[in-house]
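First, the structure itself, so that you have it in front of you.
Read the figures in this text as sums done on the coordinates, not as results from a lab. No experiment lies behind these values; they were computed from the predicted model shown. Note that each Cβ is placed from the backbone with ideal geometry, even for glycine, and that neighbours are counted across all protein chains shown.
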Amino acid sequence: MKLSKIALRGVRGVPDGAHDLTDPRTGEPHSLVLVTGPSASGKTRLLEAVIAAKEWVAPYGARPQPAGWIRPGETASKVSLGWRLDAEEQAYGALNDASAETESIFTTV
């Protein structure tokens with residue numbers, strides 16, 4: 001499974017936006033993605049948001065606490081992830097499509 005896109009809205013410590021992680025020539029997700037930026041620009045928080053969103057949908061342990069992911073002044077935050085599945089993952093999930101999307105909405109309401 002590879003991450004193909006990330007979209008964030010209202011996430012504490014990360015600017016709203018969408019990020020395409022695919023090669024424009026092939027449409028396939030990159031095998032390696034480098035996250036760069038100045039100090040305190042949200043690099044670590046972006047990666048933590050991906051992990052929290054994945055855990056919200058398919059947890060290995062306890063789900064993340066929603067309040068820590070919501071930007072001050074907002075009532076909710078959302079992290080949408082695009083995934084590219086290999087043949088084995090498609091078969092395991094009984095899916096016809098190699099692409100899947102998940103959406104995690106964190107709210108305290």
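Provide the per-residue ³J(HN,Hα) series for segment 104-109, in order, calculated from phi with Karplus coefficients 6.51, -1.76, 1.60 and θ = phi - 60°, each as a whole number of Hz, with x at glycine and proline positions.
In residue order, the calculated couplings are 10, 10, 9, 8, 9, 7 Hz.
Let me check the size of segment 1-91 from its C-alpha atoms; what are the radius of gyration and Dmax in Å?
14.2, 43
Still on this structure, please answer the following. May I ask you to derive the FRET efficiency for residue 32 and residue 91 from their Cβ-Cβ distance with R0 = 22 Å, giving the value to the nearest 0.05? Write out the running numbers ahead of the final one.
Numbers: r = 26 Å, r/R0 = 1.18.
Efficiency for this residue pair is about 0.25.
Just how far, in whole angstrom, is segment 32-49 from segment 51-109 if you go by their alpha carbon centroids?
Centre-to-centre distance over Cα atoms comes out at 18 Å.
Evaluate the charge dipole of the chain about its Cα centre and quote only its size in Debye, nearest 20, assuming +1 on the Cβ of each Lys and Arg and -1 on the Cβ of each Asp and Glu.
480
Once you have the Cα-Cα distance between residue 105 and residue 74, take 0.36 nm times their residue separation minus that, and quote the gain in nm to one decimal. Please list the in-between numbers first.
Working: separation 31, 0.36 × 31 = 11.16 nm, distance 1.23 nm.
Gain on stretching residue 105 to residue 74: 9.9 nm.
Report the paramagnetic label zone for residue 21: residues of segment 29-69 whose backbone N is under 13 Å from a point 7 Å from Cα along the Cα-to-Cβ axis.
29-36, 46-55, by backbone N distance to the label point.
Here's another thing I want to ask about it. Any idea what angle helix 43-57 forms with the longest principal axis of the chain, computed on alpha-carbon atoms, 0 to 90 degrees, nearest 10?
70
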